[in-house]
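Below: the structure, in structure tokens.
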Amino acid sequence: MLGDGQFGTGYLASDQKTGNSVCVKVFKDTGAQADKSFKIELEAGAQNLEHANVLRMLGAGRNEFVLESKPMGERFFIVTELCEKGELFDFVQDAGGLKEPMAR
Ligand SMILES: Nc1ncnc2c1ncn2[C@@H]1O[C@H](COP(=O)(O)OP(=O)(O)O)[C@@H](O)[C@H]1O
Ligand SMILES: [Mg+2]
């Protein structure tokens, strides 16, 4: 586990095609708020911005997740590049969650 947020939890994962480490953010199953956050981030990610300070979205969808043998049910998820410690603070952590003036 990379970290826990209001709407989702970030997990460390490996991209099977490239072997790169990535982050899978699994959204919490708390209805409207988490769904809205997912949609906003999905739209932000779908713009395919190429910028050093914007995370690239690698994939997204809805899937059954099992955590420590416990089924979590169906959850939305978004896969992004991994923010490694040290770099993390230079990056906009969450492309949908930070407005430009705040990021400066
Ligand atoms: N790309 C990433 N690389 C590394 N850790 C991440 C990444 N995305 C999210 N995390 C971790 O997961 C936590 C929750 O993700 P975040 O996007 O902040 O969720 P929320 O929208 O619920 O605030 C973050 O605080 C961070 O620790
Ligand atoms: Mg957060």
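Just give me the residues in the range 53-78 being of a type in the set (Asp, Glu) and modelled with pLDDT of 90 or more, in sequence order.
Going residue by residue through the range 53-78, those that are of a type in the set (Asp, Glu) are 64, 68, 74.
Answer for the range 53-78, where residues must be of a type in the set (Asp, Glu) and modelled with pLDDT of 90 or more: Glu64, Glu74.
On the basis of being modelled with pLDDT under 95 and buried (at least 16 other Cβ atoms within 10 Å of the Cβ), does Asp4 make the cut?
Working: modelled with pLDDT under 95: yes; buried (at least 16 other Cβ atoms within 10 Å of the Cβ): no.
The answer is no for Asp4.
Here is a yes/no grid of residues against (1) within 16 Å of ligand 2 (Cβ to nearest atom); (2) in a loop (DSSP other than H, G, I, E, B):
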{"position": "Thr9", "(1), (2)": "yes, no"}
{"position": "Gln16", "(1), (2)": "no, yes"}
{"position": "Lys25", "(1), (2)": "yes, no"}
{"position": "Arg62", "(1), (2)": "no, no"}
{"position": "Val66", "(1), (2)": "no, no"}
{"position": "Pro71", "(1), (2)": "no, no"}
{"position": "Ile78", "(1), (2)": "yes, no"}
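Only one of these is within 20 Å of Asp15 (Cβ to Cβ) and at pLDDT below 90: Glu41, Glu81, Glu100, Glu50. Name it. It is Glu50. Looking for something within 19 Å of Val66 (Cα to Cα) and in a strand (DSSP E or B) - is there at least one such residue anywhere in the range 34-55? There is no residue in the range 34-55 that is within 19 Å of Val66 (Cα to Cα) and in a strand (DSSP E or B).
The values are calculated or read from the model by the stated rules, or taken from the named source; none is laboratory data. Please read all numbers here as calculations on a predicted model, not as lab measurements. Every residue, glycine as well, gets a Cβ built from its backbone with ideal geometry; the counts of neighbours run over all protein chains shown.
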